[in-house]
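See below for the structure under consideration.
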Amino acid sequence: MTAPAAGDLLALDAAAQDLLFRAAHTANTFTDEPVTDEHIHAIHDLIRYGPTAFNAQPLRILLLRSPAARQRLLPHLAEANRAKTAAAPLTAILAADTAFHEHLPQVFPHRPGLADRLGTDPAGRHAQARFNAALQIGYLIVGIRAAGLAAGPMAGFDPAGVDREFFPDGRLRALLVVNIGRPGPHAWDGRLPRLTHDDIVRTA
């Protein structure tokens, strides 16, 4: 008996699989079509169900819609990232909320002492914030693709400079900058190689 193809074992149909992963790319150019607040609301309404430890949900998103806000960001980006960010229809700064524990009585009510414990453990709290916000960033990129848009995530920036410029009270810590929009002409180069199943997966 022939084993089913890998794609046949997935609940999503092939078109959805392609939209989210196989045909999706990191975009470097975009069309002029705007990314609306409704787009972002719909994306968040989907990805907010992704799991995080303690249901903490520490990701915070700052949308830079005004030209003035975009200009404040550009000097903190690596030079190779400035032109494409200036031209993108929407740029977002993705940050971790290091005081996420303040929301735990609402989002994790069955552990009433957890917020107080994390409140006295800033190092542990900051590590949790970064880890769980990074998980949510992965969900966000897939959510952007689910909306038929493309994401251009960039780690090439000065996080301390971005924090000083946009988050001066120190509560939020920038993790990633992402451009969002419809992919434009020559938005990406060819697909780079991926590691195989056998490179990644072991059984004990």
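Every number in this text was worked out from the coordinates using simple rules, so none of it is lab data. Just so it is clear, the structure is predicted and the values come from calculations on it, not from any experiment. Positions of Cβ are backbone-derived with ideal geometry, glycine not excepted, and every protein chain shown enters the neighbour counts.
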What ranking of VAL107, VAL142 emerges when the number of other C-beta atoms within 10 Å of each C-beta is taken as an exposure proxy, fewest first? VAL107, VAL142
According to the Kirkwood expression over distinct Cα-Cα pairs, how big is the hydrodynamic radius of the stretch 99-204, in Å? 17.3
What Kirkwood hydrodynamic radius do you get for the stretch 28-83 when you take the inverse of the mean 1/r over all pairs of distinct Cα atoms, in Å? 14.2
Which FRET efficiency value, to the nearest 0.05, do you get for ALA53 and ALA204 by plugging their Cβ-Cβ distance into 1/(1 + (r/R0)^6) with R0 = 22 Å? 0.40
Could you pull out every residue, at least 5 positions away or on a different chain, whose amide H is within less than 5 Å of the one on PHE30? Hs are placed 1.01 Å off N in the peptide plane, and Pro or chain starts have none. GLY184
Within the chain, which whole H helices from DSSP have a Cα span along their axis of at least 18 Å and a mean Kyte-Doolittle hydropathy of 0.0 or more, if any? 122-146
Among (i) 8, 29, 33, 22, 8, 1, 0; (ii) 8, 38, 40, 14, 0; (iii) 9, 36, 35, 17, 3, 0, the entry that matches P(r) over Cα pairs in 10 Å bins from 0, in percent as calculated here: (i)
Highest average packing first - 85-92, 27-34, 169-176, Cβ atoms within 10 Å: 85-92, 169-176, 27-34
Can you put LEU195, LEU46 in order of Cβ neighbours within 10 angstrom, beginning with the fewest? LEU195, LEU46
Which of HIS197, HIS76 comes first, and how do the rest follow, when ranked by fewest Cβ neighbours within 10 Å? HIS197, HIS76
Expressed as a whole-number percentage, the relative contact order of the stretch 136-204 with C-alpha contacts under 8 angstrom and at least six residues apart is 32
Dimensionless Rg/Rh of the stretch 45-141 - Kirkwood Rh, Rg from C-alpha atoms: 1.07
Whole-Hz Karplus couplings 3J(HN,Hα) for the stretch 188-204, θ = phi - 60° and coefficients 6.51, -1.76, 1.60, Gly and Pro as x, run 8, 8, x, 5, 6, x, 10, 5, 8, 3, 6, 6, 9, 9, 10, 10, 10
